[in-house]
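Accompanying notes for the structure given below.
Please treat every number below as a calculation from the coordinates, not as lab data. This structure is a prediction, so every number in the text was calculated from the model and none was measured. Cβ atoms come from the backbone with ideal geometry, glycine included; neighbour counts cover every protein chain shown.
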Amino acid sequence: MKAVLVTYEAKRKNFESTHRRNQFYRGLFGYKQTVKRNGKRYEYDKDGLVDRTGVTRVDDSVIVARKGCEEPVLEYMRGWQQVSHHVFKVKVQDKDVKEELQNE
């Protein structure tokens, strides 16, 4: 299976605040939000870019996107000047990664 491997580096010193760095990671990986109202507790899952079909995280700072699904990932990375990234065209042979890319 053909894919695109994206490595990125989000150094703390490149961001003006921790909040801004967290925004980058939340957009990439999503997050859970818990809201308490009227004595009840509500949980919301906010999806990130990696939750999309054809995109998976394989290691720290490494994302693989199935061929044809890589453009949203690349656009997201280009939108963050504080984050350096590199893109590689790869052929995925690991059966677990292939399965994740196909099943999502």
In what order do THR7, THR56 fall by count of nearby beta-carbon atoms within 10 Å, going from fewest to most? THR7, THR56
Place a +1 charge on the Cβ of each Lys and Arg in the chain and a -1 charge on the Cβ of each Asp and Glu, then give the dipole magnitude about the Cα centre in debye, rounded to the nearest 20. 420 debye
Determine the sum of side-chain charges near MET77: Lys and Arg each +1, Asp and Glu each -1, restricted to other residues whose C-beta is under 13 angstrom from that of MET77. -3
Of LYS11/LYS91; LYS2/LYS98; LYS13/LYS89, those spanning more than 18 Å from alpha-carbon to alpha-carbon: LYS11/LYS91; LYS13/LYS89
Using only the Cα atoms, what convex hull volume per residue in Å³ does the chain have? 116 Å³
Tally Lys and Arg at +1 and Asp and Glu at -1 over the other residues with C-beta under 15 Å from the C-beta of GLN33: what net charge comes out? +3
Explain nothing, just compute: Karplus ³J(HN,Hα) = 6.51 cos²θ - 1.76 cosθ + 1.60, θ = phi - 60°, for every residue of the range 52-64 in order, whole Hz, x for Gly and Pro. 6, 5, x, 10, 8, 8, 10, 6, 4, 6, 9, 10, 10
Can you say what percent of the DSSP beta bridges in the chain, counting only those with both residues inside, are antiparallel? Round to 5. 100 percent
Along the charge dipole of the chain, pointing to its positive end and built from +1/-1 on Cβ of Lys, Arg, Asp and Glu, which listed residue (TYR31, THR7, THR56) has its Cα farthest out? TYR31
So, in nm, how far is label ARG12 from label PHE29 when the simple model puts each one 7 Å beyond its Cα toward the Cβ? 1.6 nm
Taking the Cα atoms only, what angle lies between the long axis of helix 18-29 and the longest principal axis of the chain, rounded to 10 degrees? 60 degrees
